[in-house]
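Participant: Have a look at the structure that comes next, please.
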Amino acid sequence: MSTSPAKPHRVVIVGAGFGGLETTYRLAGAPVEITLIDRRNHHLFQPLLYQVATASLATSEIAWPIRYLLRDRKEVTTLFANVNGVDAAGKRVLLDGGDSIPYDTLVLATGARHAYFGHDEWEPFAPGLKTLEDATTVRRRILVAFERAERETDPESRAALLTFVIIGAGPTGVELAGTIADLANDTLPRDFRHIDTRKARVVLIEAGSRVLAGFPDDLSAYALASLQSLGVEVVLGEPVTECTADGVVYGGKKLEARTIIWAAGVRASRAAEWLNAPADRASRLMVEPDLTVPGHPDIFAVGDTVSIAGPDGNPVPGIAPAAKQEGRYVAETIRARLDGRKLPPFRYKHSGSLAQIGKRLAVIDFGRIKLRGAIAWWIWGIAHIYFLIGLRNRLSVALSWLWIHARDQRTSRLITQGSSKVAS
Ligand SMILES: Cc1cc2nc3c(=O)[nH]c(=O)nc-3n(C[C@H](O)[C@H](O)[C@H](O)COP(=O)(O)OP(=O)(O)OC[C@H]3O[C@@H](n4cnc5c(N)ncnc54)[C@H](O)[C@@H]3O)c2cc1C
């Protein structure tokens, strides 16, 4: 009598961001069959998106085709598809177009998107940064604003074209503001004949009382002073109350600006809705201590789409190392379950917070050790290069940064997605 071999355990992972990819990597060699589903064909290094938006790096330097990353993993099938729901009773993931994929264990790693605090109508005027398309949209708007200012004869319109507003002074807002200031002050001046790009206004507006609110007070104060030394106008304690094609309103005042960038808020993916599971105010799934969804021991969720308390009682931050730690824990739990073992609950370990301010300064908070200035910038740069995937990209990004550092040249200043007729 012949016995047919046992079917491998089917793991479906939705999202090939930091959390989903780490889960996939850490399951290498386990007796599982993996289906990794993402609606984009690339894994994106979001921490450097702002560098694409400010013409410092090219899109291909911070993104990699998922299929290519997993080409040697024969047990992994990559699907380019949008998930629109989960049939938990039937243990199937539902895709656009009506297909569904069966699972034994499901991992939801679908990340987060922008939140406009109930003002979704602002999005067309103030794009946020989440995808490569967002970054090239912002890059186009910044570069087109300078181009149009060069041809503009009316002083008020020209001033509005040369005013760049960034809403939200967390790390992304601070990094954008500092880099746009560098672009205007150092990279562009020699290229234009009718405008002085150094007169561009970069205005960073924050509803809270300080920039980089997640950092200690002294580093936050240092970041504020550094931004001001770059010429960035920082407005604190003023929520933006209106956003239009002409500019923003804050503190009852209108500021005319043709380029507005949103860096103020995020909302989790729809994973909690799919499962009708408890969620926090930012729609993040409230998971159990082992990162499973309440009532669904075969469904895990990781990364920006979940809410879980860290050892200090505060929510684990929505950052890449947290998503990776959670992805690693879930992979280990799946292995343990297959071996009949049980792991202790997930425990987050915070390794530090970093933010760049313009091309030569940064702040780093490692807890007991706090760094600022040029030394922090070098560590920031080395850390980011280390976390990029592949030697070619590491070399290419390092070279781009050295070029910016030494020559103030940003080589990715291409206006794509439209000619001068349609660019806006
Ligand atoms: C501009 C910016 C700057 C940042 N800077 C830093 C930083 O300096 N340091 C840091 O540590 N963190 C930073 N972060 C945060 C960090 O990128 C996130 O915490 C991290 O990406 C979370 O990983 P994740 O796997 O949860 O989600 P993501 O990396 O966002 O991946 C989610 C994946 O799910 C896919 N997906 C979503 N919905 C679906 C669906 N319905 N169907 C199929 N696929 C789907 C998406 O296409 C995506 O590939 C930054 C984020 C942004 C946006």
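The values are calculated or read from the model by the stated rules, or taken from the named source; none is laboratory data. Note that this is a predicted model, so its numbers are computed, not measured. Positions of Cβ are backbone-derived with ideal geometry, glycine not excepted, and every protein chain shown enters the neighbour counts.
Participant: When N84 is evaluated against the numbered criteria (1) modelled with pLDDT under 95; (2) more than 27 Å from R392 (Cβ to Cβ), which criterion, by number, is the only one it fails?
Facilitator: Just one mismatch for N84, condition (1).
Participant: Which of the strands (runs of 3 or more DSSP E) contained wholly in region 1-68 include at least 3 residues that are under 17 Å from G303 (Cβ atoms) and either more than 8 Å from the ligand (Cβ to nearest atom) or at pLDDT below 95 (or both)? Steps first, please.
Facilitator: Details: elements: 9-14, 32-38, 42-44, 63-65.
Result: 9-14.
Participant: Turning to a different aspect of this structure: When only residues in region 96-112 that are surrounded by 18 or more Cβ atoms within 10 Å (Cβ to Cβ) and assigned to a strand (DSSP E or B) count, which is nearest to the ligand (Cβ to nearest atom)?
Facilitator: Taking region 96-112 first, the residues surrounded by 18 or more Cβ atoms within 10 Å (Cβ to Cβ) are 101, 103, 105-112.
With the extra rule that they be assigned to a strand (DSSP E or B), the set shrinks to 101, 105-108, 112.
Working: I101: 11, T105: 17, L106: 13, V107: 10, L108: 9, A112: 6 Å.
Of everything passing the filter in region 96-112, A112 is nearest to the ligand (Cβ to nearest atom).
Participant: Kindly list, by first and then second residue, each pair from a residue in region 283-300 that is without any contact (Cβ under 8 Å) to a residue 24 or more places away in the chain to a residue that is among the basic types (K, R), limited to pairs with Cβ atoms under 8 Å and residues at least 6 apart or on different chains.
Facilitator: Between residues of region 283-300 that are without any contact (Cβ under 8 Å) to a residue 24 or more places away in the chain and residues that are among the basic types (K, R), the close pairs are S283/R267; S283/R270.
Participant: Any residue in region 8-21 that is under 16 Å from L275 (Cβ atoms) sitting within a Cβ distance under 8 Å of a residue that is among the small types (G, A, S) and near the ligand (Cβ under 6 Å from one of its atoms)? List the pairs, counting only those 6 or more apart or interchain.
Facilitator: I13/G20; I13/A109; V14/G20; V14/A109; G15/A109; G15/G111; G15/S269; G15/G303
Results for (1) without any contact (Cβ under 8 Å) to a residue 60 or more places away in the chain; (2) part of a loop (DSSP other than H, G, I, E, B), shown as yes or no for each residue.
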{"site": "E175", "(1), (2)": "no, no"}
{"site": "D186", "(1), (2)": "no, no"}
{"site": "I205", "(1), (2)": "yes, no"}
{"site": "A213", "(1), (2)": "yes, yes"}
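Participant: Now, a different point. Got a sec? Which of S229, S209 is surrounded by fewer than 21 Cβ atoms within 10 Å (Cβ to Cβ) and within 14 Å of A362 (Cα to Cα)?
Facilitator: Just a single option satisfies the conditions, and that option is S229.
Participant: Please verify whether region 337-344 includes one or more residues that are under 30 Å from Y68 (Cα atoms) and either touching a residue at least 60 places away in the same chain (Cβ under 8 Å) or more than 16 Å from the ligand (Cβ to nearest atom) (or both). Even if it seems obvious, please write down each step before you answer.
Facilitator: First, pick out the residues of region 337-344 that are under 30 Å from Y68 (Cα atoms): 337-338.
Add one more test, that the residue is either touching a residue at least 60 places away in the same chain (Cβ under 8 Å) or more than 16 Å from the ligand (Cβ to nearest atom) (or both), and what stays is 337-338.
Within region 337-344, one or more residues are under 30 Å from Y68 (Cα atoms) and either touching a residue at least 60 places away in the same chain (Cβ under 8 Å) or more than 16 Å from the ligand (Cβ to nearest atom) (or both).
Participant: I've got another one for you. When the residues of region 378-422 are narrowed to those that are over 16 Å from Q46 (Cα atoms) and hydroxyl-bearing (S, T, Y), which ends up surrounded by the fewest Cβ atoms within 10 Å (Cβ to Cβ)?
Facilitator: S419
Participant: Any idea which of (1) in contact (Cβ under 8 Å) with a residue 60 or more places away in the chain; (2) within 19 Å of the chain's Cα centre (by Cα) is the one E133 doesn't satisfy?
Facilitator: Here E133 meets the rest and fails (1).
Participant: So, one more: Here are P289, P297, P317: which of them is part of a strand (DSSP E or B) and either aliphatic (A, V, I, L, M) or surrounded by fewer than 16 Cβ atoms within 10 Å (Cβ to Cβ) (or both)? Talk me through it step by step, then tell me what you get.
Facilitator: Details: P289 fails: part of a strand (DSSP E or B); P317 fails: part of a strand (DSSP E or B).
Only one candidate passes the filter, namely P297.
Participant: Now a separate question. Of the residues that sit in region 301-320 and are touching a residue at least 60 places away in the same chain (Cβ under 8 Å), out of contact with any Asp or Glu (no Cβ under 9 Å at 6 or more places or on another chain) and more than 29 Å from G90 (Cα to Cα), which one is farthest from the ligand (Cβ to nearest atom)?
Facilitator: So, considering only residues that are touching a residue at least 60 places away in the same chain (Cβ under 8 Å), out of contact with any Asp or Glu (no Cβ under 9 Å at 6 or more places or on another chain) and more than 29 Å from G90 (Cα to Cα), the one farthest from the ligand (Cβ to nearest atom) is P317.
Participant: So which of V306, V316, V293 is modelled with pLDDT of 95 or more, over 20 Å from I13 (Cα atoms) and in contact with a helix residue (DSSP H, G or I) (Cβ under 9 Å, 6 or more places away or on another chain)? Give the steps one after another, and end with the answer.
Facilitator: Numbers: V306 fails: over 20 Å from I13 (Cα atoms); V293 fails: over 20 Å from I13 (Cα atoms).
Only one candidate qualifies: V316.
Participant: Now for a different question. Among all residue pairs at least 6 apart or on different chains, which show Cβ distances below 8 Å where the first residue, located in region 30-49, is closer than 21 Å to V93 by Cα and charged (D, E, K, R) and the second is part of a strand (DSSP E or B) and near the ligand (Cβ under 8 Å from one of its atoms)?
Facilitator: Short answer, once both residue conditions are applied: D38/V14; R39/V83.
Participant: If you check A169, A149, which single one turns out to be crowded, with 18+ Cβ neighbours inside 10 Å and in contact with a helix residue (DSSP H, G or I) (Cβ under 6 Å, 6 or more places away or on another chain)?
Facilitator: Values: A169 fails: in contact with a helix residue (DSSP H, G or I) (Cβ under 6 Å, 6 or more places away or on another chain).
Unique residue meeting the criteria: A149.
Participant: Let me ask another. What is the one condition in (1) assigned to a strand (DSSP E or B); (2) over 19 Å from T172 (Cβ atoms) that R281 does not satisfy?
Facilitator: So R281 meets the others, but not (1).
Participant: Could you list, in sequence order, all residues of region 345-372 that are without any contact (Cβ under 8 Å) to a residue 40 or more places away in the chain and away from the ligand (no atom under 16 Å from the Cβ)?
Facilitator: R347, R368, I369
Participant: Quickly run through region 137-173 and pick out the residues that are part of a loop (DSSP other than H, G, I, E, B) and more than 28 Å from A362 (Cα to Cα). Step through it out loud before you land on a result.
Facilitator: Of all residues in region 137-173, those part of a loop (DSSP other than H, G, I, E, B) come to 152-154, 162, 168-170.
Within region 137-173, E152, T153, D154 meet the criteria.
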